[in-house]
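First the structure, in the form of structure tokens, and then the observations on it.
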Amino acid sequence: MSFSELGLSPKVLAAVEASGYTAPTPIQAAAIPHVLARRDVLGIAQTGTGKTASFTLPMLTRLESGRARARMPRTLILEPTRELAAQVEENFTRYGQNHKLNMALLIGGVSFGDQDAKLTRGVDVLIATPGRLLDHFERGRLLLTGIEILVIDEADRMLDMGFIPDIERICKLIPPARQTLFFSATMPPEIQRLTEQFLRDPERIEVARPNTSSANITQLLVRASDDASEKRDALRRALRSQENFKNAIVFCNRKRDIGVVHKSLEKHGFNVAALHGDMDQRARMAALDRFKTGDVELLVASDVAARGLDIPDVSHVVNYDVPIHAEDYVHRIGRTGRAGKNGVSLTLVAPSDGKNLGAIEQLTGSKIAWQGDALEEDEMAAAGGRRGRARSGRRSEQPAKAERPAKAAKPAVREEKPSEARPKSRRPDKVAEQAAPKSRDTAPAAPYARNGEPAPREANEGRVVGLGDHVPAFLLKPVRLKRA
DNA sequence: AAAAAAG
């Protein structure tokens, strides 16, 4: 199979060839002809499968006819994070080198005016995160009525991040005559519903599932302590003990730990950059760039970097913390072992991580080996980990071999029970919005009560309120620092 | 127990 058989235009083929690619990946081979034929596509695939080029290449061919008008973009690509949006823009730049295309990247954290100026000039390709796109729309700076192709990428992650209402709204703003390309790594019921609502007779294309594509990643566990200082020490030893080490992304569960780990590694002589969502956008871009170019060998990051980021040559992924959600583990380690290369993932496991580790091993359907000394089950249990047995009832009563029949366990989790494993979005915003006013109605007596404690009302009793020496009760409450 | 995205 070669790219030339797929129906792409000569300009696009020349750019692909110039990039050094000869054969399409399975999703590219399957999707490109349908996109060119103006069919809706439902692609079940994660990044790393060549998913991005499966829509950018045929879109470029399609865009060769026609021209953009001011404020009326011709195509729209929605991405869940700013970095992914920027990455898609790079992809269009690379393969669109022979085209005279106008592009705009509408993401938060950067100047509004530059984006607006581009919209005024007219754009062929609009790449956006939902929030900033709607911001432009609400200010009346953008018309979505001219969109010919709509791409919704990483839909399941949009769901995790609470973007589904935004996505629904945007879909309704675009005329139904459009072509829709919809990509998701998994198909939970909410996503399924969305595809039924917004896709017309889609061509369904499914490629290798995320947790089966990690054959070229060597996964290892590393014994660590719950003590932060000892854990950083374990991290340094793990990093220094690696053979064939080029660079690594070090994932932390919490943003505040990223700063600490970053400083600590720097102090011990490592070349490090940090990346998380509270950094300003320029610093985020700069950190990613320094890592990509090899200026730094370590990137200490939050899960903002876990999914989809395509950095071709990452030799190691280190989980400084065991991820709280098992599927994040699969995404994190997928940052290494890309483009046919081999990769290594190291996961530091402290006693309290036992429970999360169990969920990961259940999802991937295999036990992960320890590098060096193992952390024993009873050590994890003593720290409150490995509580999974209370739910499953299997662990203590049955022999180890029968515990986890790998072939049976995987489909059960991946296919049959996604809704039961996590029934609702992790950000049930609507529920919270509806619940809040009710609780106000039922508890009007203590307006400044927090966390169930009554406000110190005695401070105001028998006084004239609002004048002279009156001080509102909430100002008299001692300030509590956040540290637990 | 977190993080992400509009300020």
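Structural remarks
- In Å², nearest 10: area of A:T293 left accessible to a 1.4 Å probe: 100 Å²
- Extension gain, A:R139 to A:A37: 0.36 nm times the residue separation minus the Cα-Cα distance gives 33.2 nm.
- Think of the range A:27-185 as a dipole: +1 on every Lys or Arg Cβ, -1 on every Asp or Glu Cβ, centred on the Cα centre; then among A:P33, A:S184, A:L133, A:P33 lies furthest on the positive end.
- Surface accessible to a 1.4 Å probe, A:L101 within the full protein complex, Å²: 40 Å²
- Working from Cα pairs under 8 Å separated by at least six residues, relative contact order for the range A:3-208 is 29 percent.
- Remark on A:T218: its backbone amide H falls under 5 Å from those of A:G343, A:V344, A:S345, a criterion applied only to residues 5 or more positions apart or on other chains, H modelled at 1.01 Å from N.
- Leading residue at positive end of dipole, the range A:3-208 (Cβ point charges), from A:L60, A:I164, A:N91: A:L60
- Subset of A:K172/A:K355; A:K51/A:K172; A:K118/A:K255; A:K341/A:K367 violating a 31 Å alpha-carbon distance limit: A:K172/A:K355; A:K118/A:K255
- For A:V300, residues with placed amide H under 5 Å, excluding near neighbours: A:V250, A:A273, A:A274, A:L275
- Net charge, A:A117 excluded, C-beta distance under 13 Å - Lys, Arg +1, Asp, Glu -1: +2
- A Cβ-based charge dipole, computed about the Cα centre of the range A:3-208 with Lys and Arg at +1 and Asp and Glu at -1, lands at about 800 debye.
- Prolate/oblate/rounded call for the range A:38-95, Cα gyration tensor, a/c under 1.5 rounded: prolate
- Taking a ≥ b ≥ c as the square roots of the eigenvalues of the alpha-carbon gyration tensor, the range A:3-208 is classed oblate because a/c is 1.5 or more while a/b is no larger than b/c.
- Local net charge near A:L42, Cβ-Cβ under 14 Å (Lys/Arg +1, Asp/Glu -1): -3
- The Stokes-Einstein estimate for the range A:145-304, based on a Kirkwood radius over Cα pairs and taken at 25 °C with 0.890 mPa s viscosity, is a diffusion coefficient of 128 µm²/s.
- Sequence-ordered 3J(HN,Hα) estimates for the range A:170-182 from the Karplus curve with 6.51, -1.76 and 1.60 and θ = phi - 60° stand at 4, 4, 6, 7, 9, x, x, 5, 5, 9, 10, 10, 10 Hz, glycine and proline given as x.
- The 3J(HN,Hα) values that the Karplus relation (6.51, -1.76, 1.60; θ = phi - 60°) gives for the range A:14-23 are, in residue order, 4, 5, 4, 5, 4, 7, x, 8, 10, 10 Hz. Gly and Pro appear as x.
- A simple rule links phi to the HN-Hα coupling: the Karplus curve 6.51 cos²θ - 1.76 cosθ + 1.60 with θ = phi - 60°, which for the range A:264-272 gives 4, 5, 4, 4, 8, x, 8, 8, 10 Hz, with x for Gly and Pro.
- Each other residue within a Cβ distance under 11 Å of A:L194 adds +1 if Lys or Arg and -1 if Asp or Glu, for a net charge of -3.
The values are calculated or read from the model by the stated rules, or taken from the named source; none is laboratory data. No experiment lies behind these values; they were computed from the predicted model shown. No Cβ is skipped: glycine too gets one built from the backbone with ideal geometry, and neighbour counts run over all protein chains shown. Ligands, DNA and RNA are excluded from the accessible area calculation, which covers all protein heavy atoms including side chains. Shrake-Rupley method; radii C 1.70, N 1.55, O 1.52, S 1.80 Å.
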